[in-house]
Structures are given as structure tokens and as C-alpha cells.
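Before any comments, here is the structure.
Where a number appears in this text, it was derived from the coordinates with a stated rule and is not lab data. No experiment lies behind these values; they were computed from the predicted model shown. Here the Cβ positions follow ideal geometry from the backbone for every residue, glycine too, while neighbour counts run over all protein chains shown.
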Amino acid sequence: MKPLAFTAALVLSFAPSSFANLLTNSGFEDPITSDGAPFVGFWEGFSGGGASAANSSLQPHTGAQSLGLSISNTVNTFAGAFQDVPGLTAGQQYLFDGWHVTTSSPLSAGVEIRIEWRNSVSGTEISRTLNSTPVPGASYSQWNLQATVPAGADVARVVYAIQSFSTSPLGDGNVFVDDVSFNLVPEPSTMALLAFGGLGMIAWRRLRG
């Protein structure tokens, strides 16, 4: 994890409710949907031929379920899930992060994590981040993507997907995703204040034994 993202994650652990996770069903304990808009308050699964996106009880990070993404011996296909987060303000920074793992060795699929910035009035995409492409391992590891809301956008569409466009002549493998969050990153002055308060809480707990 990059230093700034690590600091943000540390601060968020002591942050007030205004910096709470903005995603619904962050642990995929409830079913994802595949029935079209609206996409607020739900994970919408998507997939191409030879691929699938569904809740899975096979490999949870916490709880009883995770998001299971699979590509079965198929090139040029994809599977993933996304959720819209409304009410954002241009210029603010957000941290999109979570945990992933693969049971495939080797994994013949690429990961793509991104934020698509949208305008709720026009219903159009303003811009999107470059794809983050971390490689999951045999045990759960954390990924993160931090970005700033661009002018004209007030909705974030957060996306986690796997694809086999870059794995020709074969695409095959399973990836599990869990405990995903999307949080407002506090301003530097607020981060410093919260971090100081967090360190004070740690010291107080240690003194109490």
C-alpha cells in the first residue's frame, strides 16, 4: 500500500461517521444483482461468455460470503461487479479499497480496478481513472485506488473486474473479492488532527492496561 493510502486508511480507522464506508453490502453477504439500473445501494454483477460473477461461500475474507469472479477457458471475456456512490463533491479525494485472493495457479486473467466518474443529471460519464491492475495471490491481500472527483462529476461508479483480453490464447481462473470500501479522504489538517487523536487513544488504552 502506498504511504498516502496507508496514512488515509490509518486515519479512517479513527475517523467519525462522516468518513464512514459509503458502499452498501461491502462484504457481499447479500446477493448481488444483475437486473439493470439503479445501481445505488447494490452491487451489479456483469459478465461475458464463459465467465461469471456471483456471491460465493467458498473463499470469504470475513463473514460467510465474498464476490466470486470466474473465467472458464475463454479468451476475450470479462466478469465483475460495480456500485454507484452518489452525492460527491468535485475536488474531494476518495479511497477505494478491498481484499482479493485467487485459488488458481497460474491465474490466466487480469484484474482491473477503476472509478468511473459520472454526472447524475446527464447520466453520462465524465472521466475515469486508469485501471489499477494488482495481482491477487494465494492468500488475501489488500488493494487500493485513491482519486479526486473531477469537475462535473457527482457520482462514483466503483468497479472490480477480471478479464482475459490480455491473456490470449487462454483465459482461465477464479478470483474472490471481499470487504470493499469507498471512503472520503480527510483534508491534511483533518488527517493530522484525527491521527493525533488516534495516537492519543492508543496511548490511553495502553495506560489502562
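So the values come out like this:
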| quantity | calculated |
| --- | --- |
| Separation in nanometres of the label points that stand 7 Å from Cα toward Cβ, at ASN76 and GLN92 | 4.2 |
| Label-to-label distance, nm, for residues given as ALA37 and LEU130 (7 Å Cα→Cβ offset) | 3.1 |
| SER166 paired with SER122, simple spin-label distance in nm, labels 7 Å along Cα-to-beta-carbon | 2.9 |
| Protection proxy ranking, peptides 117-125, 99-107, average beta carbon neighbours within 10 Å, highest first | 99-107, 117-125 |
| Part-to-part distance (alpha-carbon centres) for the stretch 112-128 and the stretch 156-184, which is given in Å | 18 |
| Cα-centred dipole magnitude for the stretch 107-188, charges only on beta-carbon of K, R (+1) and D, E (-1), debye, nearest 20 | 160 |
| At R0 = 30 Å, FRET efficiency that the Cβ-Cβ distance of PHE46 and GLU187 yields, to 0.05 | 0.30 |
| Percent of C-alpha pairs per 10 Å bin, the stretch 117-179, short to long | 16, 38, 30, 15, 1 |
| Size descriptor, Kirkwood hydrodynamic radius, that averages inverse alpha-carbon separations across the stretch 34-125, Å | 15.4 |
| ³J(HN,Hα), Karplus 6.51/-1.76/1.60, whole Hz, each residue of the stretch 149-160, x for Gly, Pro | 5, x, 4, x, 9, 9, 9, 10, 9, 8, 10, 10 |
